[in-house]
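Below you'll find the structure, written out as structure tokens, and then a few comments.
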């Protein structure tokens with residue numbers, strides 16, 4: 001079991017959303033998964049692009065005061081997305097698939113082998129967080145499985 005928590009050691013600590021890994025989602029450059037996730041709280045596409053370039057705590061605090069949970073509405077490229085919709089889940093899946101194109105991240109994820117992944121510091125209520133612990137771990141493990149299948153061909 002790999003628990004993604006502060007100070008957990010490799011490879012878990014390198015799977016954190018706070019880690020700097022460059023990737024693109026719909027041609028928008030992201031410097032971290034946290035930057036991408038926090039950008040979803042902003043309805044202005046230009047502001048989203050700026051937030052996508054942030055890493056770690058800087059990204060987290062940029063979106064911290066946004067009260068998206070009141071309406072359960074997030075945004076991507078000027079479009080409203082309901083937090084609980086399939087469209088939202090599809091966007092998150094796409095982001096993880098794009099992140100997996102980063103060779104450094106891909107190697108870290110593969111270094112987890114087939115161990116279960118958890119994030120005990122994560123929140124579990126989807127109405128209060130833009131990515132629950134369950135969603136985060138699910139996407140990591142799904143992405144890992146996809147990479148493993150591609151490599152075994």
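The strands (runs of 3 or more DSSP E) found entirely in region 1-95 that carry 3 or more residues being touching a strand residue (DSSP E or B) at 6+ places or on another chain (Cβ under 6 Å) are 20-25, 28-32. Scanning region 117-145 for residues that are surrounded by 15 or more Cβ atoms within 10 Å (Cβ to Cβ) and part of a helix (DSSP H, G or I) yields 133, 135, 136, 137, 138, 139, 140, 141, 143, 144.
Between a residue in region 96-116 that is surrounded by fewer than 17 Cβ atoms within 10 Å (Cβ to Cβ) and any residue that is assigned to a loop (DSSP other than H, G, I, E, B), which pairs come within a Cβ distance under 8 Å, given they are 6 or more apart or on different chains? Here the result reads 111/10; 111/11; 115/1; 116/1, each pair linking region 96-116 to a residue that is assigned to a loop (DSSP other than H, G, I, E, B).
Within the set of pairs 6+ apart or on separate chains, which have a first residue in region 42-59 that is modelled with pLDDT under 95, a second that is assigned to a helix (DSSP H, G or I), and C-beta atoms under 8 Å apart? What qualifies is 56/34. Residues in region 67-90 that are modelled with pLDDT of 95 or more, farther than 19 Å from residue 135 by Cβ and touching a helix residue (DSSP H, G or I) at 6+ places or on another chain (Cβ under 9 Å): 2 in all.
When you go through 106, 115, 101 one by one, which is the residue that is in contact with a strand residue (DSSP E or B) (Cβ under 7 Å, 6 or more places away or on another chain), at pLDDT 95 or above and on the phi < 0 side of the Ramachandran plot? Walk me through it before giving the result.
Working: 106 fails: in contact with a strand residue (DSSP E or B) (Cβ under 7 Å, 6 or more places away or on another chain); 115 fails: at pLDDT 95 or above.
Result of the check over 106, 115, 101: 101.
Scan region 9-18 and give yes if some residue there is at pLDDT below 95, surrounded by fewer than 16 Cβ atoms within 10 Å (Cβ to Cβ) and over 27 Å from residue 146 (Cα atoms), otherwise no. Among the residues of region 9-18, not one is at pLDDT below 95, surrounded by fewer than 16 Cβ atoms within 10 Å (Cβ to Cβ) and over 27 Å from residue 146 (Cα atoms), which makes the answer no.
The values are calculated or read from the model by the stated rules, or taken from the named source; none is laboratory data. Keep in mind that this is a model prediction, so the values were computed, not measured. When we count neighbours, we look across all protein chains shown, and the Cβ atoms used for this are built from the backbone with ideal geometry, even at glycine.
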